[in-house]
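The values are calculated or read from the model by the stated rules, or taken from the named source; none is laboratory data. Remember, predicted model here, so these are calculated numbers, not experimental data. Please note: Cβ atoms are built from the backbone with ideal geometry, for glycine as well, and neighbour counts cover all protein chains shown.
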Amino acid sequence: MPELPEVETVMRGLAAVLEGRRIAHAATTRPDMRWPFPDRLAERLSGATVTGFRRRGKYILARLDTAESLLIHLGMSGRLVARPMNGPPVPWMGPTGRFSDARGHNMPPEAHEHLVMETEDGTRIGFVDPRRFGCVDLMPTAGEDRHRLLAGLGPEPLEEDFTPEALSAALAGKRAPMKAALLDQGVVAGLGNIYVAEALFRAGISPKRLAHTVPGKRAERLVPAIKAVLEEAIGAGGSSLRDYVRADGELGRFQDRFAVYDRDGQPCPLCPGLESGCTGVKRIVQSGRSTFWCPRTQR
C-alpha cells in the first residue's frame, strides 16, 4: 500500500495539473470500489473547479469551489495517472454506460479505470485500481476532519506538532512492539511498513522493543529519524514497489536507498562486517508482515 511519501508525491502531481482548473467532465465505470461511490459523484464533480489540495495521512483531499472535498485513497493497487488529451476531447460516460467521444461514438474504458476526470484545458486523470481496495468519497470541506476515515488519525509526522513529547505521550503505556505501534494510524498518520523499518533503523531502535519503553531519549532519536526518512523519500518521488507510480506515470526512486527494508541477508550499512559480530539485515514476521532490521545496531 502506498505510504505517506507516495501519497504526497501523487498529490503534488495532481495539484500541478488540477489546481485552479475546472473539471469539464467526470465519469465512473462502475458503482463502487471498496465502498459504493457517493450519490451522483460524476454529476457533482463535473463543472467544479479544484481550488486546492491537502493530504491527511494516506488520504488525498481535493477541495472544490462547490464547498465539497473529494477524498481519494489508493488502497493496495490504486494509481492516479494524469496525461494530456490528444486529438478530440477525451471521452466521458455516455448514456449507454460506456465512454463516448465528442461525436458520440462508443468506446471501452481502459482496464480497471473506475473514475475519470477531464479538465477544460486538456488533461485527463484516471483512477486505475485492479483490486478495488481504494476508495473515493465526497464531503463538505468544512467537515473534513470529522469524516469517518479521518477523525481518528494521529498527528502528521512532518508537521511541527509531531514532537518527541507528543510521540512519548502517544506511546505511554502501550505494550505493543514498536513496529506495531508506529503502524497504528492513531499514533502517527501515514506511516507504513517501509518507512517504519527505515526510521527505526536510523534511530537504532528494535522493532521488537515494547512501545512503552521508547518515550524519552529514544523518542528524541526517533522523531527526527521519521521526519528525515519521509522528507528524503518525498524528494525521491517515493518508493516504487509493485503497483506504485507517480501521477505522471514515472517511478519513484527511494527504493534504491533502502538501508534495511527488503534487504534480508545483505550487509548492514552501519556495521563494518562479520568481524563486528553483525550477521547482516534480518527479516522477521510481526503481525503477519515482514520486518527488516539489524539486531546488532537496533536495541
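If you check VAL281, VAL223, which single one turns out to be under 27 Å from VAL7 (Cβ atoms), touching an Asp or Glu at 6+ places or on another chain (Cβ under 8 Å), surrounded by 19 or more Cβ atoms within 10 Å (Cβ to Cβ) and modelled with pLDDT of 85 or more?
Unique residue meeting the criteria: VAL281.
Kindly evaluate ARG30 against the criterion of being among the basic types (Lys, Arg) and within 30 Å of ALA199 (Cβ to Cβ).
no
Has the range 158-174 got any residue that is among the small types (Gly, Ala, Ser), assigned by TED's automatic domain parsing to the domain that holds GLY238 and in a loop (DSSP other than H, G, I, E, B)?
yes
For SER168, work out the one condition from (1) in contact with a helix residue (DSSP H, G or I) (Cβ under 8 Å, 6 or more places away or on another chain); (2) surrounded by fewer than 17 Cβ atoms within 10 Å (Cβ to Cβ); (3) small (Gly, Ala, Ser) it doesn't fulfil.
(2)
Residues in the range 129-137: is at least one modelled with pLDDT under 95, crowded, with 21+ Cβ neighbours inside 10 Å and in the same structural domain as GLU113 (by TED's automatic domain parsing)?
Looking for residues that are modelled with pLDDT under 95, crowded, with 21+ Cβ neighbours inside 10 Å and in the same structural domain as GLU113 (by TED's automatic domain parsing), one finds at least one in the range 129-137, hence yes.
Kindly indicate the residue of the range 138-157 that is small (Gly, Ala, Ser) and part of a loop (DSSP other than H, G, I, E, B) and also surrounded by the most Cβ atoms within 10 Å (Cβ to Cβ) among those meeting that condition.
So the residue we want is GLY154.
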